[in-house]
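So the structure is just underneath, and the comments pick up after that.
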Amino acid sequence: MILRRVSPGVLVTAAMMVGVAVGAPLIVDQFQLLQLTVFASMCILALSLGVVWGYGGILCFGQSAFFGLGAYTYAVAAVNLGESTLAIVLSIVVPAVFAAALGYFMFYGRLSDVYLGVITLSVTLIFFNLTNSTAGDAYRIGSARLNGFNGMPSLPTFNVPGNPGRPLDPTETFCLVMALLLIVYVGLHALLASHFGRVVVAVRENETRCELLGYDVRRHKLLIFTLGGAIAGLAGSLFANWGAFVSPNVFSLTTTSQIIIWVIVGGLGTLVGPIIGCVAMQYLATELGTQQLANTSLIFGIIFLAFVLLVPRGIVPSLGALRARLFGARERQGAQARRA
Amino acid sequence: MMDPILQTIGLSVQFGGVAAVRGVNLCLAERELRCLIGPNGAGKSTLFKLLTGQLQPTSGRILFHGEDITGDHTHAIARRGIGIKTQVPNLFDGLTVREHLWLAARRTNPRARADAITDEILERVGLGPQAGGVVGRLSHGLRQWVELGTVLAGNPELILLDEPAAGMTHDEVARTAELVLEINRTHALIVVEHDMQFVRMIARTVTVMHQGAVLVEDTMGRILKNSAVRDIYLGKHGGA
């Protein structure tokens, strides 16, 4: 039933992910493989906001709160347990529970868009300040010292489940991250094609009509927001594992604004868009980091402004609109009918 | 006498110092078709918002099948079986016509049944050719039909229609009237409409509202002869 609804574009994207997962380790060197690993991890983070904002219509300026919470949860749990499997699970569960609690007050309190943006942004900045001020021996959870602004170094990296003495090598880690990205991407598409997913989109389009049809708007928003928190948390654990390090920077304004820029550049209301935006901007950031001519943040700001002013819908929807104009409206209508 | 499907007791709502709805006692039988008329600002749409939980009454009660639904959430009231076509169509502009009907049907039906209902309603309201089109690009008249179809797909026991004929051509109005009478064979309806021609096509019992209160409730024939009604409303339209 769900396969029938999956569009060819999703299959092509999924196939490309598999291709990269299998092909990249054969072609690129270790340094580039590590780069690709962090790109893919961040793609999962981009997808988390892509679904919450692009499909749920929830303006979350603080997606980094869940990302950072996932990263810190992984760090603390891995240090204490000495084994990564349960730590990864916790890095999903803890941010999800936190997102559910935060979302409960926001959605059942009927807060509107602008307030959601302000509150979520404040929350991540509170975490930023909180973790920054945990320097000193007093701030420890179990045997894990939080170390304030210095961050937590030398974290245990992923190991084969149940075998802490056998860590994953860079190729295995890369394949794991790609597999998780694939699962999240395809899973979100399946979810959005389901009844629940259609209602989530309908809520974005018109809350009043949803309620008049008997759908509980608050519940649907809370569930999709919580799911977004869980996915961001997973991305956080992948990030912490990648550098074997986590610092308050995961909660910073820079991190949270980057996620927003990826989604804006790639395109709201698509899933492949945030992935493309994320990879393109990260590649650009890496390249810009190797030169001294211009400040990276400045260039990101210019790109962000250019997109908001010139390509407000982002790359993927704009390309879709261009294709529709080239091939005529008739085909587009047919495509929409198939999607429905 | 059947038990009423809907009853309001002293229903009132105030905005600041203005009483938009004042002590309305309405009683609707199962499968009744009631027309609600009155000049602009008489409180008709406000009454609909109270009935669907979009507004909370200042005082008074609403009973649906004898159960108190006053203060319930909009979605909870909809789940009990009250559907509404609002004055300005409330639609999902980015979604297709088909998706509208499907979302309404799917809430209470399994997927295959919802698909079947969607096709059936598309046929019934004549939206087959537009089924795959995005609703945001449709004309006002077609949007009215989409919303009507969406309400029908949800199959609520009581259907509220707020100006279903607005923005329609003469032929479309006649078709809407036919559809309303057809729906009435199985559902109770309250219809708010300004188009008196339309009201005459469908009306049995008519409730006239004026300044938030019920002025008179009678058959269409007697309403047309009522001098008070003429003064406030029909007279402006050239009378009967």
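Readers should treat all values here as calculations from the given coordinates under stated rules, not as data from a laboratory. These figures come from a predicted structure and were not determined experimentally. We place every Cβ from the backbone using ideal geometry, glycine too, and count neighbours over all the protein chains shown.
Here is how the numbers come out for the structure above:
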| quantity | calculated |
| --- | --- |
| Helix axis angle, A:296-310 relative to chain A longest principal axis, alpha carbon, degrees | 10 |
| All-pairs Cα distance distribution in chain A, expressed in whole percent, bin size 10 Å | 6, 24, 34, 25, 9, 2, 0 |
| For segment A:201-292, radius of gyration divided by Kirkwood radius, i.e. Rg to Rh on alpha-carbons | 1.09 |
| Cα-derived Rg over Rh, computed across segment B:1-142 with Rh taken as Kirkwood radius | 1.02 |
| Inter-label distance, nm, simple model (7 Å from Cα along the C-beta direction), A:Leu298/B:Ala174 | 7.3 |
| 19 Å cut-off, amide nitrogen to a point 7 angstrom out along A:His195 Cα→Cβ, residues in segment B:86-116 | B:98-116 |
| Solvent-free Debye scattering, log10 I(q)/I(0), computed from the Cα coordinates of segment A:105-211 at q = 0.16, 0.18 Å⁻¹ | -1.05, -1.05 |
| Förster radius 22 Å - calculated FRET efficiency between B:Gln87 and B:Arg124, Cβ distance, rounded to 0.05 | 0.45 |
| Range in chain B, longest, excluding exposed trypsin sites (Lys or Arg not before Pro) [loop by DSSP; at most 13 other beta-carbon atoms within 10 Å] | B:1-184 |
| Span-rule helices in chain B, defined as complete DSSP H runs reaching 18 Å or more along the axis (Cα) with Kyte mean at least 0.0 | B:140-154, B:170-183 |
| Size of charge dipole - the protein assembly as shown - debye, nearest 20, with Cβ of Lys, Arg +1 and Asp, Glu -1, no other charges | 540 |
| Label-zone membership for segment B:212-234, site B:Ser59, 7 angstrom Cα→C-beta point, backbone N under 16 Å | B:213-214 |
| Square roots of 5 times each gyration tensor eigenvalue, C-alpha, the protein assembly as shown, largest first, Å | 55, 26, 20 |
| Among A:176-185, A:289-298, B:147-156, the order from most to least packed when residues are scored by Cβ within 10 Å on average | B:147-156, A:176-185, A:289-298 |
| Those aspartates and glutamates that a straight Cα-Cα span of less than 17 Å connects to A:Lys221, excepting residues fewer than 8 apart in one chain | A:Asp113, A:Glu205, A:Glu207, A:Glu211 |
| For chain B: span of alpha carbons on each principal axis (Å, largest first) | 50, 40, 39 |
| Inter-site label distance for A:Phe245 and A:Cys175 at 7 Å from Cα along Cβ, in nm | 2.8 |
| Charge dipole (debye, nearest 20) of segment B:47-140; +1 at Cβ of Lys and Arg, -1 at Cβ of Asp and Glu | 60 |
| Projected label distance in nm at A:Ala135 and A:Ala100, using a 7 Å step from Cα toward the beta-carbon | 3.7 |
